[in-house]
Every structure is written in C-alpha cells, then in structure tokens.
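One structure is given here, and the rest of the page talks about it.
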Amino acid sequence: MQSIIVTGGAGYIGSHVCKVLAQHGFQPVTYDNLSRGNEKAVQFGPFEKGDIQDMDRLAEVFEQYKPVGVIHMAALAYVRESVEDPLAYYENNVGGSTRLIAAMVKAHVPAIVFSSTCATYGVAQQVPILEDHSTKPINPYGHSKLMVEQVLADADATHGLRSTCLRYFNACGSDPDGQVGEWHDPETHVIPLCMMAARGEIEHFTLLGDDHETEDGTPVRDYIHVMDLAEAHVLALKRMLEGGESVTLNLGVGNGISVKQIVEAVEHVSGLPVPVKLLPRHPADPPVLIASGDSARELLGFEPQYTDVNEIIAHAWMWRQKAQSVYTS
C-alpha cells in the first residue's frame with residue numbers, strides 16, 4: 001500500500017482527505033502538530049505528531065513511511081487573523097512550507113498537492129475566476145499562499161519536484177457518513193457559525209456588511225462540499241503519480257451563494273431562526289469570489305457531487321448535532 005503524508009491531516013479538510021485517500025487504497029499518514037487539529041479526527045491511518053518547521057522530524061517520518069507523495073494542508077488559515085498577526089502567517093505558512101519542501105527534496109519524495117486558496121486572487125476582476133486571473137492578494141493569508149506557490153514552482157524548475165496547487169474557494173459541509181466533520185476552535189466559518197447561533201451556542205451570527213456590491217448586499221462565495229474537495233486532492237495526486245506535470249487549479253462549483261442565502265438555508269434545514277447582528281464590512285473581504293472549474297474538470301475529471309446548498313447544510317447540521325460530544329469528550 002502506497003503511503004501519502006497529509007500535513008494538517010487532523011484538521012477539517014485534512015481529515016476528509018484522509019478518508020478519501022483510504023477509500024482509494026492509499027495509506028494516509030497524518031502529520032500534524034495539533035495546534036488547530038484534533039487527534040480524534042485521525043481515523044483512517046497512522047498519526048505522527050510533528051511540525052512542518054521541524055526538518056529532523058519530517059526526515060524521520062519520510063524514512064519510516066517512504067511516501068510516494070505529500071498532501072500539504074498544514075497552515076494558519078484565518079484571513080482576519082492574518083491581518084492582525086501577519087508575521088505569524090509568513091513564518092508558519094511560508095517558512096514552514098519551505099522547510100517541508102526542502103525535506104521532500106532531500107528524501108526524494110517526487111510530488112506534492114498543495115492546499116492553496118482563492119485569496120491569492122484578491123478582488124475579482126472577472127467572474128467566474130479563471131486560473132490566469134491576476135494574483136493580487138489583499139491580506140497576508142493570501143500573500144503567504146501565493147509565496148508558497150512560487151517556492152513550489154522554483155523547486156520544480158531546480159529539483160524536479162512536481163506540484164499541484166489547488167486554489168480552494170469555500171469548503172463547507174461534512175462527511176455524509178458522519179465519521180468526521182467541521183470543528184474549529186475558535187470557529188470562524190459562516191455555516192457552522194450560523195448553526196451555532198440557531199442552536200443557541202452563541203448569541204448571534206455576526207454579518208459583516210450588507211452593503212457589498214452584490215445583489216443582496218452580502219458577500220457572495222463559491223461553496224464547495226468538503227468531500228468533493230477531498231476527492232479532487234486524490235485525483236490530483238493520482239495524476240502526478242501517473243506522470244502529470246505541475247499545475248495550478250481552481251476548486252469550486254462555479255455558483256455563487258450569498259451569506260444571506262446561507263442564513264436562510266440554515267433556517268430552512270434546521271427549522272430554527274438564526275439571530276443576526278450586523279456590523280460594518282471588513283476591508284479584507286472581497287465582495288464576490290466564484291470559480292471557473294473548467295480546468296479541474298478537464299485535467300482531473302473532477303465533477304462536484306454535492307451542489308445543492310440545502311444538502312450541504314443538512315450534512316453540516318447532522319454533524320453539528322454530534323460534534324461537541326465527539327471532539328470534546
């Protein structure tokens with residue numbers, strides 16, 4: 001069985017990626033420092049505690065498992081936090097990723113799938129966004145991810161390390177089987193925050209601005225189900241293991257959903273009201289981000305399976321009902 005190192009595999013997206021890797025016959029090896037992940041999410045393969053900054057520990061894990069590839073998801077990933085503490089984002093996301101890449105080169109690991117972001121584009125000049133859209137991030141998080149993309153391009157040119165950079169749009173939902181799901185501490189994502197407000201776990205959902213340049217005034221995003229996202233990672237990995245060259249791809253559905261529509265869908269699925277508190281919009285939030293998924297469809301054969309917002313939220317709601325007892329017990 002071929003081993004794949006999944007950095008950040010104890011996190012929300014990482015745990016779903018590990019599940020799909022196992023379904024495809026790989027051994028996912030979670031490498032995580034647990035600063036933001038949860039060891040209880042590691043269910044589909046071995047766990048190795050470690051930091052991407054620690055090259056000696058990375059070398060030990062590479063020697064033990066002899067992976068044929070890495071899926072790199074370990075990162076600080078909160079836009080607003082990156083504005084408040086940019087140096088932490090450059091140290092962890094850029095510095096840590098550079099050390100990981102160097103360790104891969106030294107261990108002759110040939111391929112990496114990198115968890116990038118649509119935040120590399122900044123404010124969309126065209127919708128849907130194609131991969132050749134200009135990259136002008138408006139926050140340190142987006143800058144840090146774009147820097148890593150450049151490091152990977154240089155590592156390919158010099159060392160032959162092939163990479164697939166996947167620019168996510170908004171990951172959402174949970175594993176329909178209920179084995180793993182979305183759980184952050186602190187929670188910052190729109191859908192779980194709306195559900196928490198509906199359940200009375202928090203006083204209200206905070207809506208940052210209803211004066212964006214969108215139809216209903218609230219930000220519009222491309223929400224992609226986390227299991228679809230995970231499947232795309234494995235397709236990208238397989239493509240490289242079969243000799244595919246380095247590439248950068250968007251991962252989205254191609255449809256925009258506003259925050260107001262999310263609130264309404266949570267109310268519909270849960271049957272509960274979502275109390276909302278309106279605050280001014282944040283300057284680091286672009287009004288609209290919607291992907292063109294044509295390249296991922298063409299190169300990977302990737303077709304999202306979960307595109308109905310009510311189904312996505314139903315999966316997330318099911319998980320939310322049990323998450324606290326699963327991840328905090």
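Dividing the convex hull volume of the Cα atoms of segment 98-158 by its residue count, what figure in Å³ per residue is obtained?
On the way: hull volume 5.3 nm³, N = 61.
Spelled out: Cα convex hull of segment 98-158, divided by residues, is 87 Å³.
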Most mobile listed residue (Gln53, Gln43, Gln126) in the chain, GNM with C-alpha springs under 10 Å: Gln126
Surpassing 26 Å at the alpha-carbon level, of the pairs Lys238/Lys260; Lys19/Lys136; Lys19/Lys106; Lys136/Lys277; Lys49/Lys106, are Lys238/Lys260; Lys19/Lys136; Lys19/Lys106; Lys136/Lys277
Two decimals is fine: what is log10 I(q)/I(0) at q = 0.12, 0.16, 0.20 Å⁻¹ for segment 175-320, from a Debye sum with one equal scatterer on every Cα and no solvent? -0.56, -0.93, -1.26
At 222 nm, what value in deg cm²/dmol follows for the chain if DSSP H runs of at least 4 each add -39500 (n - 2.57) and the sum is divided by all its residues, to the nearest 500? -12000 deg cm²/dmol
Could you go through segment 191-197 in sequence order and give the Karplus-derived ³J(HN,Hα) for each residue, using 6.51 cos²θ - 1.76 cosθ + 1.60 with θ = phi - 60°, rounded to whole Hz, and x for Gly and Pro? 5, x, 5, 4, 5, 4, 5
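I want to verify the translational diffusion coefficient of segment 122-260 in µm²/s; compute it with Stokes-Einstein, Rh as the Kirkwood radius over Cα pairs, at 4 °C and 1.567 mPa s. Let's see the in-between values first.
Details: Rh = 17.5 Å.
The Stokes-Einstein estimate is 74 µm²/s.
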State, in angstrom, two size descriptors of segment 152-202 derived from its alpha carbons: Rg to one decimal place and Dmax to the nearest whole number. 17.8, 54
Ignoring GluC sites (Glu not before Pro) buried by more than 15 other Cβ within 10 Å or outside DSSP loops, the longest site-free run in the chain is 1-186
Coordinate range along principal axes, alpha carbons of the chain, Å, largest first: 53, 45, 38
Cut-off under 5 Å, modelled amide H: who pairs with Gln27 long-range: Gln2, Ser3, Ile4
Going by the alpha-carbon gyration tensor, a ≥ b ≥ c the square roots of its eigenvalues, is segment 16-159 rounded (a/c under 1.5) or, if a/c is not under 1.5, prolate (a/b greater than b/c) versus oblate? prolate
Per 10 Å bin from zero, what fraction in whole % of the C-alpha pairs of segment 83-200 is there, up to the bin with the longest pair? 12, 32, 34, 19, 3, 0
List the residues, sorted by chain then number, that are 5 or more residues from Ala171 or on another chain and whose placed amide H is less than 5 Å from its amide H. Ile224
From Cα pairs below 8 angstrom and at least 6 apart in sequence, can you work out the relative contact order of the chain, rounded to a whole percent? 19
Which ³J(HN,Hα) values, rounded to whole Hz and listed in residue order, are derived for segment 203-212 from phi using the Karplus coefficients 6.51, -1.76 and 1.60 in 6.51 cos²θ - 1.76 cosθ + 1.60 with θ = phi - 60°, glycine and proline given as x? 5, 6, 8, 8, 9, 8, x, 10, 10, 6
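Just to be sure I follow: if Rg is taken over the C-alpha atoms of segment 1-99 and Rh is the Kirkwood radius over the same atoms, what is Rg/Rh? Please report the intermediate quantities before stating the final value.
Working: Rg = 13.4 Å, Rh = 13.6 Å.
Looking at segment 1-99, the ratio lands at 0.98.
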Whole-Hz Karplus ³J(HN,Hα) for segment 131-136, in order, using 6.51 cos²θ - 1.76 cosθ + 1.60 and θ = phi - 60°, x for Gly and Pro? 5, 8, 4, 4, 9, 9
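Every number in this text was worked out from the coordinates using simple rules, so none of it is lab data. What you are looking at is a predicted structure, and each value in this text was computed from that prediction instead of being measured. Every residue, glycine as well, gets a Cβ built from its backbone with ideal geometry; the counts of neighbours run over all protein chains shown.
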